[in-house]
1. Can you give me the orientation-averaged projected area of the convex hull built on the Cα atoms of the stretch 3-70, in nm²?
2. For residue 60 and residue 35, compute 0.36 nm times the residue count separating them, minus their Cα-Cα distance, and round to one decimal in nm.
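Please treat every number below as a calculation from the coordinates, not as lab data. Bear in mind that the values here come from a model prediction, so they are computed numbers and not experimental data.
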Amino acid sequence: MSPRYRQTEEVVVPYNLLHRPVPPVLMLVASAVLQSAPLAVVATSWVTHILMDRGVGFGLRDHNGAIIPPKRFNERQEATHRKPPSTTVPMENMTSPRSGRACSAGD
């Protein structure tokens, strides 16, 4: 990674705090409660800035100031929605709980 994209360690924590979506979303909620258009413009601009950074591949920073690439939606979805192994039992291996005899397709 090019040194021009690195930040110093003392800048990393504030950068990461300001490049998370929670603060501007809270500001947007506050602007609605206070009915403040200027606050809404600032909050919307802030969220847009964060989304554009993510869109061009600038994620948060690691402790050395290097950019951590944001995960793509498909990678996140695969990591959180893994299917559990199949626990389906073939019909011929099943028994009826009442009679104890083997089940058939019509049972």
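1. With every direction weighted equally, the projected area is 4.8 nm².
2. 5.9 nm
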